[in-house]
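J.: Just dropping this structure here.
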Amino acid sequence: MTSPAGPEPADADRGDKGGVRTALAGLTTRGRSFLAAGVAAAVCAYVLGQSDLLRVGLLLAVLPLVCATVLYRTRYRVAGSRRLSPARVPAGAEARVHLRMDNVSRLPTGLLMLQDRVPYVLGPRPRFVLDRVEPGGRREVSYRVRSDLRGRYPLGPLQLRLTDPFGMCELTRSFSTYDTLTVIPRVEPLPPVRLAGEATGYGDGRLRSLALAGEDDVIPRGYRYGDDLRRVHWRSTARYGELMVRREEQPQRSRCTVLLDTRGAAFEGSGPDSAFEWAVAGAASVLVHMLERGFSVRLLTDTGSSVPGEGADGFAGASQMSADAAGLMMDTLAVIDHSDGTGLSRAYDVLRGGHEGLLVAFFGDLDEPQATVAARMRQRTGGAVAFVLDSGDWVREPTDVPGPLDGKEERLRMLREAGWTVVRVPRGASLHDLWRQAERERTGVVTASGTTGGEGRS
């Protein structure tokens with residue numbers, strides 16, 4: 001079994017070369033019953049001296065043996081391929097798996113039974129029965145898989161089961177390769193609000209600068225075919241003896257860092273409706289949203305790690321590579337899990353090294369030391385938005401009495417005083433609404449009752 005790049009031929013008699021033992025091991029219940037009945041009839045015929053009963057016994061015993069031998073020595077050559085549509089699917093969505101079997105031998109096949117191995121979280125194991133396949137013929141079947149849990153799931157290898165017309169013997173052969181289905185977090189579309197530190201994207205408010213500040217300090221480069229002759233720098237041309245042009249203005253992208261708290265001690269519960277899964281899906285939504293708006297985006301965790309292949313300023317958006325960048329980040333978030341760390345100091349060390357811009361953080365439970373570290377993160381950013389999840393509220397039933405605050409409001413106040421825009425995330429909240437609430441929190445639009453009100457600017 002191979003990917004669509006090219007089917008892999010497989011002999012139907014490929015497998016253990018145990019000869020008769022392998023063939024007899026494939027006898028079905030019917031075949032074993034016939035064999036046992038034939039042996040018993042032959043013994044009775046010998047004891048009773050009944051030659052006619054002996055013939056019946058031999059017939060019953062020989063029939064399953066002949067079927068097993070013929071099936072074992074039959075040489076079918078079949079090739080299989082698998083295609084996933086799509087190979088990367090959000091949690092809760094369905095993907096379709098297409099299987100194709102080609103008979104590449106000169107003989108028609110008998111009855112073929114296909115079975116593909118899939119993890120139990122994707123659904124029941126699919127089984128198909130294919131009737132006679134003519135020489136050079138092809139059969140295509142498909143099935144659907146679905147998972148509410150993100151991750152990477154292997155599909156395959158495909159098993160091919162051969163049987164004789166009488167159902168006396170079955171032999172199973174497996175192809176060697178498999179494919180992988182990636183289930184990524186759900187991405188929620190976000191409204192285009194304006195947050196502090198993100199006013200300099202690739203829109204109307206973008207900044208531009210020359211390589212150096214003055215005309216006399218311009219750093220030229222060699223002329224390239226298609227360059228505007230009006231940008232020829234004659235002084236450098238005379239100096240270097242070749243045609244030189246002024247460098248183009250270099251756009252400065254707005255930058256955004258998405259910080260995901262993965263500490264195991266910061267989240268309670270598990271499953272698709274847990275606080276940690278909401279935080280992962282929220283981080284994925286913000287990453288995709290910022291890439292679509294043209295930001296240079298990077299993903300950071302509490303361990304200080306980022307996405308493999310990410311540049312110093314993150315992945316650039318609004319370009320042909322933005323889709324690939326989003327795919328890499330989604331693949332990383334698909335398999336991300338709780339870390340063994342207990343603090344945010346490693347992430348703070350990374351942020352302290354630079355990368356000013358917008359910081360969007362998804363925090364779990366914060367004790368006083370970690371709230372202090374998070375408050376210091378604000379110093380190296382142009383704007384900071386924190387979505388704080390109280391995982392205890394997510395594991396308690398809605399009818400339960402709310403637990404004590406235990407200083408939680410005090411820690412949120414520490415973040416606000418440090419300049420963070422803080423949004424508490426209740427159980428089952430929509431990030432779309434909280435994203436607008438973050439803008440209202442930043443602009444200080446609050447109702448008389450003390451809750452945030454008003455509409456965000458688009």
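J.: Any residue in the range 314-336 that is modelled with pLDDT under 80 sitting within a Cβ distance under 6 Å of a residue that is among the charged types (D, E, K, R)? List the pairs, counting only those 6 or more apart or interchain.
T.: G314/R298
J.: Please work out which one of (1) within 30 Å of T332 (Cα to Cα); (2) at pLDDT 90 or above is the condition A37 fails and give its number.
T.: (1)
J.: Still on this structure: What tally of residues in the range 161-190 results from selecting those that are open to solvent by 50 Å² or more (accessible area, probe 1.4 Å) and of a type in the set (K, R)?
T.: Adding up the residues that qualify gives 2.
J.: Go through (1) open to solvent by less than 50 Å² (accessible area, probe 1.4 Å); (2) closer than 30 Å to S274 by Cβ for P124 and report which single condition fails.
T.: (1)
Residue by residue, here is whether (1) over 30 Å from L130 (Cα atoms); (2) at pLDDT 80 or above holds:
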{"position": "S174", "(1), (2)": "no, yes"}
{"position": "I184", "(1), (2)": "yes, yes"}
{"position": "E198", "(1), (2)": "yes, no"}
{"position": "R206", "(1), (2)": "yes, no"}
{"position": "G214", "(1), (2)": "yes, no"}
{"position": "R235", "(1), (2)": "yes, yes"}
{"position": "A238", "(1), (2)": "yes, yes"}
{"position": "E242", "(1), (2)": "yes, yes"}
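J.: Right, here's the next one. Do we find a residue being farther than 20 Å from L389 by Cβ, in a helix (DSSP H, G or I) and at pLDDT below 90 anywhere in the range 299-313?
T.: Taking the range 299-313 as the starting set, the residues that turn out to be farther than 20 Å from L389 by Cβ are 304-313.
Still in the running and in a helix (DSSP H, G or I): none.
No, the range 299-313 contains no residue that is farther than 20 Å from L389 by Cβ, in a helix (DSSP H, G or I) and at pLDDT below 90.
J.: While we're here: Provide a single number: the residues in the range 30-85 that are closer than 30 Å to V145 by Cα and open to solvent by less than 50 Å² (accessible area, probe 1.4 Å). Before you say what the answer is, go through the steps one by one.
T.: Step one: of the range 30-85, the residues closer than 30 Å to V145 by Cα are 76-85.
Of the ones still in play, those that are also open to solvent by less than 50 Å² (accessible area, probe 1.4 Å) are 76, 78-82, 84.
The number of residues fulfilling the criteria is 7.
J.: Would you confirm, using the coordinates I've provided, whether G31 is at pLDDT 90 or above and out of contact with any Lys or Arg (no Cβ under 6 Å at 6 or more places or on another chain)? Reasoning before the result, please.
T.: Numbers: at pLDDT 90 or above: yes; out of contact with any Lys or Arg (no Cβ under 6 Å at 6 or more places or on another chain): yes.
It is true that G31 is at pLDDT 90 or above and out of contact with any Lys or Arg (no Cβ under 6 Å at 6 or more places or on another chain).
J.: I've got another one for you. Can you give me the number of residues within the range 356-401 that are surrounded by fewer than 17 Cβ atoms within 10 Å (Cβ to Cβ), in contact with a helix residue (DSSP H, G or I) (Cβ under 7 Å, 6 or more places away or on another chain) and modelled with pLDDT under 80?
T.: Qualifying residue count, the range 356-401: 1.
J.: Out of all the residues in the range 3-23, is one or more in contact with a Cys (Cβ under 7 Å, 6 or more places away or on another chain), open to solvent by less than 70 Å² (accessible area, probe 1.4 Å) and either modelled with pLDDT of 90 or more or not aliphatic (A, V, I, L, M) (or both)?
T.: No, there is no match, as no residue in the range 3-23 is in contact with a Cys (Cβ under 7 Å, 6 or more places away or on another chain), open to solvent by less than 70 Å² (accessible area, probe 1.4 Å) and either modelled with pLDDT of 90 or more or not aliphatic (A, V, I, L, M) (or both).
Condition check ((1) open to solvent by 50 Å² or more (accessible area, probe 1.4 Å); (2) in contact with a His (Cβ under 6 Å, 6 or more places away or on another chain); (3) modelled with pLDDT of 95 or more) across all residues:
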site: L260; (1), (2), (3): no, no, yes
site: D273; (1), (2), (3): yes, no, no
site: A284; (1), (2), (3): no, no, yes
site: V288; (1), (2), (3): no, no, no
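Residues are listed down the side, and each one gets a yes or a no for (1) closer than 26 Å to R88 by Cβ; (2) of a type outside the set (F, W, Y); (3) within 25 Å of the chain's Cα centre (by Cα):
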position: R125; (1), (2), (3): yes, yes, yes
position: V129; (1), (2), (3): no, yes, no
position: R132; (1), (2), (3): no, yes, no
position: E140; (1), (2), (3): yes, yes, no
position: R146; (1), (2), (3): yes, yes, yes
position: Y153; (1), (2), (3): yes, no, yes
position: M168; (1), (2), (3): no, yes, no
position: R173; (1), (2), (3): no, yes, no
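J.: Let me confirm something: among G92, G136, G151, which residue is under 21 Å from R161 (Cα atoms) and touching a residue at least 24 places away in the same chain (Cβ under 8 Å)?
T.: Testing whether each residue is under 21 Å from R161 (Cα atoms) and touching a residue at least 24 places away in the same chain (Cβ under 8 Å) leaves just G136.
J.: Still on this structure, please answer the following. Give the residues of the range 146-158 that are within 27 Å of L71 (Cβ to Cβ) and either open to solvent by 50 Å² or more (accessible area, probe 1.4 Å) or at pLDDT 90 or above (or both), sorted by residue number.
T.: Within the range 146-158, the subset within 27 Å of L71 (Cβ to Cβ) is 156-158.
Passing the criteria: P157, L158.
J.: Next question, about the same structure. Any idea which residue in the range 111-121 is nearest to the chain's Cα centre (by Cα), counting only those that are farther than 30 Å from E188 by Cβ and crowded, with 18+ Cβ neighbours inside 10 Å? I'd like the intermediate steps shown before the answer.
T.: Step one: of the range 111-121, the residues farther than 30 Å from E188 by Cβ are 111-117.
Next cut, crowded, with 18+ Cβ neighbours inside 10 Å only: 112, 114, 116.
Details: L112: 33, L114: 27, D116: 21 Å.
Looking at residues that are farther than 30 Å from E188 by Cβ and crowded, with 18+ Cβ neighbours inside 10 Å, I get D116.
J.: Would you please name the residue that is most open to solvent (accessible area, probe 1.4 Å), looking only at residues in the range 127-145 that are more than 16 Å from S85 (Cβ to Cβ) and aliphatic (A, V, I, L, M)? Spell out the reasoning first.
T.: Of all residues in the range 127-145, those more than 16 Å from S85 (Cβ to Cβ) come to 127-139.
Next, only the ones that are aliphatic (A, V, I, L, M) stay: 129-130, 133.
Values: V129: 100, L130: 14, V133: 5 Å².
Out of the qualifying residues, it is V129.
J.: May I ask you to list the residues in the range 337-346 that are more than 24 Å from the chain's Cα centre (by Cα) and modelled with pLDDT of 90 or more?
T.: Initial filter on the range 337-346 (more than 24 Å from the chain's Cα centre (by Cα)): 342-346.
G343, L344, S345, R346 - these are the residues of the range 337-346 that are more than 24 Å from the chain's Cα centre (by Cα) and modelled with pLDDT of 90 or more.
The values are calculated or read from the model by the stated rules, or taken from the named source; none is laboratory data. Predicted model only: the values in this text are computed from it and were never measured. In this analysis, Cβ positions are derived from the backbone assuming ideal geometry, glycine residues included, and neighbour counts consider all displayed protein chains. These accessible areas exclude ligands, DNA and RNA; they are computed on the full protein's heavy atoms, side chains included. Shrake-Rupley method; radii C 1.70, N 1.55, O 1.52, S 1.80 Å.
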